[in-house]
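Here the structure is laid out as structure tokens; the discussion comes afterwards.
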Amino acid sequence: MSADVSRRDLAKLAGLAALGAAAGAKAADNKAADNKAADNETPAPADRAAPFPKDFLWGTATSSYQIEGAVDEDGRGKSIWDIFSHTPGKIEDGSTGDRANEHYHRYKDDVALIKALGVKAYRFSIAWPRVFPDGSGQPNPKGLDFYNRLVDELLANGIEPYATLYHWDLPQALQDRVGGWQSSDTSKAFADYSAYIAARLTGVKTIFTVNEVGRFVNFGYGWGIDAPGLKLPAAQLNQARHHVALAHGLAVQAIRASGRAGTRVGAAENIAACVPAIVTPENIRAAEIATRELNAGFLGVVLEGKYTDGFLAYAGADAPKFTPDELRIIGTPNDFVGLNIYAPQYYVTASDRASGFRVLPFPTSFPHMNSEWLRVGPEVIYWAPRLAAKIWNIDTIYISENGTSSEDKISADGQVYDLDRIMFLRNYLTQMQRAIAEGVPIRGYFLWSLMDNFEWIYGYGKRFGLYRVDFETQARVPKLSAAFYRDVVMRNAIGV
Ligand code: BGC
């Protein structure tokens, strides 16, 4: 879709709001009545959404395997997701990312879609096997060229590129050769790949190393439901996670050594988000303890340079093996912390147990969005950053992902009225604003996702985009939420 079409469509959607306002105004039949109506329509100060900080960074996000397609082009090697998605029974609708959004060829149009939202930042990921088809060794310059073209296009449109190095598409060659994250050879290969990118993708000033360790290690190596589909026992699983933490630390150092001065680096983690079930000082403290302990396996060791005593005691004989030197590398200071926040994972209360907290069971009636795991708890985007900032003394947090799936049917008039997504976003953004107003250092927000895409094991059955994608024709149509988000970005506030 061309930039013009997308802008026109967005304007049309925004026009719906204007229409509503015009209908309200008609009720007033003289100037005085007009003024009165305007007075009545002005929200009382308490209802008015406070604006975000002037330099707040609004963005949107995607990842390579979920949108690029072109899996056999320009020398790209296979990733574990190519193999996994082609294995019968692994993906709910039997689909693969072979074609996905054809973003590899349509990236210019997609940058126009980003621009039409008015956002100033775009978080995308780099497919490691495009750049190193064998995982290490000989690079493939054509793979890098694609990302340089993308970055140039973003910069030409006034959009700051935020690159993620690992959004789950591990080169299959590394999985085959050394068992992927089961080996620290993969950590070292990741550091080399990171250095290569930092030195050559010079338009990028901010780099996320790994995305959602909490998910891809557990799901891919523990439960076998994500690529590479392994079900390792606890000790090996903990070791694999340790290798990812080591990869992160090595990459931070490699990027500092090879990238342009001032390149910023951190991880994007789906923090195990703990929320006080009832807000009391005791429960807040319990949520803090829980947040530290339940994130000790990655965020904790990265930000503290050590595993907590609680984590090591709980793991017992299954604890990861590590050296003091590895911990030093893992604990290399980061420039920011990215938090992917969708749903509250744990509601906790204080407890007399040694741990100091208790995790409450979820009632089956707890509401969720169009993905069952996506429970609606907007306060999570207040508590998780607030607690993380306090525990680890963080001064820069990005919400590196937040968003929701929705049914997203096309109405008879061709529009997608995703009111549930707007409800979700409005509530989450309100809670994020609350955190910022209280001084929690959230500097930016990346809405997941720019457009519908390959939603991993759900295939194309779950839609997370601001733009609806017809995967047959590849047409992109802005949903009503795109107009909502554009409005938030434009006003730098939720509502008026
Ligand atoms: C991931 C995305 C995914 C999204 C929605 C996050 O776990 O980083 O790749 O599409 O959530 O499930």
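Results, tabulated for the structure shown:
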{"quantity": "For the chain, calculated [θ]222 nm from helices alone, where every DSSP H run of n ≥ 4 adds -39500 (n - 2.57)", "calculated": "-13000 deg cm²/dmol"}
{"quantity": "Peptides ranked, highest mean first, by Cβ atoms within 10 Å: ranges 317-326, 359-368", "calculated": "317-326, 359-368"}
{"quantity": "The range 400-470 versus the range 289-364: alpha-carbon centroid distance in Å", "calculated": "28"}
{"quantity": "Accessible surface of Y107 - all protein chains present, 1.4 Å probe, nearest 10 Å²", "calculated": "20"}
{"quantity": "Electrostatic dipole magnitude of the chain [Cβ: Lys, Arg +1; Asp, Glu -1; Cα centre; debye, to 20]", "calculated": "860"}
{"quantity": "Among 373-382, 327-336, the order from most to least packed when residues are scored by Cβ within 10 Å on average", "calculated": "373-382, 327-336"}
{"quantity": "Principal-axis tilt of helix 480-491 within the chain, Cα atoms, nearest 10 degrees", "calculated": "90"}
{"quantity": "Relative frequency of Cα-Cα separations exceeding 34 Å in the chain, percent", "calculated": "35"}
{"quantity": "Charge sum, other residues only, whose C-beta stays under 12 Å from S136's C-beta, Lys/Arg counted +1 and Asp/Glu -1", "calculated": "-1"}
{"quantity": "Protein-only accessible surface order, largest first, of K54, K479 at 1.4 Å", "calculated": "K54, K479"}
{"quantity": "Cα-Cα over 31 Å, subset of K120/K188; K142/K409; K120/K409; K120/K321; K54/K409", "calculated": "K120/K188; K142/K409; K120/K321; K54/K409"}
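The values are calculated or read from the model by the stated rules, or taken from the named source; none is laboratory data. Computed from a prediction, not measured in an experiment: that's the story for all the values here. Positions of Cβ are backbone-derived with ideal geometry, glycine not excepted, and every protein chain shown enters the neighbour counts. When the accessible area is computed, the model is the full protein with side chains, heavy atoms only, and any ligands, DNA or RNA have been set aside. Shrake-Rupley method; radii C 1.70, N 1.55, O 1.52, S 1.80 Å.
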